[in-house]
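> One structure, pasted below without further comment.
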Amino acid sequence: RADRLLVCDEDGLCTGLITGAQLAAVRDSVAYTDRIRLRGVLGDRGPFTSPATTVAEADHAMRYRRLTALPVVDEQGGALGVLALSC
C-alpha cells in the first residue's frame, strides 16, 4: 500500500524507485510473467542523491526534475532512505 518502493539489486545496491502505477501497468501487461524483474521495469538507474546534499539542493533538484521522491544512497550505492516532497 506504499506509493513507492525502493528497489535494490541482489547486492543491496539501490537501483531506483517504482510506483504503484508502474507495478500495476506491468502486472496488467500481456508480457507479464511471475519471473519479470523490477530492474527491467525501471530501465536506467537513478536519479539519486547523497547524504551530503543539503535540503535546499535536494528540494531544487526534485522540483527541477519534477520528482516527488528521491532515493538517498551512500558512496557504494547502498540505500539509506528516500526524500519526498510534501504537497
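> Ordered by packing density, taken as the mean number of other Cβ atoms within 10 Å over each peptide's residues, highest first, how do 60-71, 21-32 rank?
60-71, 21-32
> Please list 3J(HN,Hα) in residue order for region 10-19, calculated via the Karplus relation 6.51 cos²θ - 1.76 cosθ + 1.60 where θ = phi - 60°; whole Hz, with x for glycine and proline.
Taking θ as phi minus 60°, the curve returns 5, 9, x, 8, 5, 10, x, 10, 10, 8 Hz for region 10-19.
> While we're looking at this one, here's another question. Could you check which residue among GLY16, GLY40, GLY77 shows the biggest mean-square fluctuation in a GNM of the chain with a 10 Å Cα cutoff?
Maximum fluctuation in the GNM of the chain, among the listed residues, is at GLY40.
> Measure out, as a whole number of angstrom, how far apart the alpha-carbon centroids of region 4-43 and region 45-87 sit.
The distance from the Cα centre of region 4-43 to that of region 45-87 comes to 19 Å.
> Could you check how much of the accessible area of the chain is carbon and sulfur, as a whole percent, using a 1.4 Å probe? Each step should come with its number before you reach the end.
Working: 3340 of 6420 Å².
For the chain, the apolar C and S fraction of the accessible surface comes to 52 percent.
> At 1.4 Å probe size, with every protein chain present, just tell me what the per residue accessible area of the chain comes to in Å².
So the chain comes to 74 Å² accessible per residue, rounded to a whole number.
> Something else: Suppose the Debye formula is applied to equal point scatterers at every Cα of the chain; what is log10 I(q)/I(0) at q = 0.11, 0.17, 0.21 Å⁻¹?
For the chain at q = 0.11, 0.17, 0.21 Å⁻¹, log10 I(q)/I(0) is -0.33, -0.75, -1.05.
> Take CYS14, CYS8 and sort them by solvent-accessible surface of the protein heavy atoms, 1.4 Å probe, largest at the top. Don't skip to the answer; put the middle values down first.
Numbers: CYS14 0, CYS8 60 Å².
Result, largest first: CYS8, CYS14.
The values are calculated or read from the model by the stated rules, or taken from the named source; none is laboratory data. Quick caveat, the model's predicted, so the values are computed rather than measured. Note: ideal-geometry Cβ built from the backbone for every residue, glycine included; neighbour counts use all protein chains shown. Heads up: the accessible areas ignore ligands, DNA and RNA and are worked out on the full protein's heavy atoms, side chains in. Shrake-Rupley method; radii C 1.70, N 1.55, O 1.52, S 1.80 Å.
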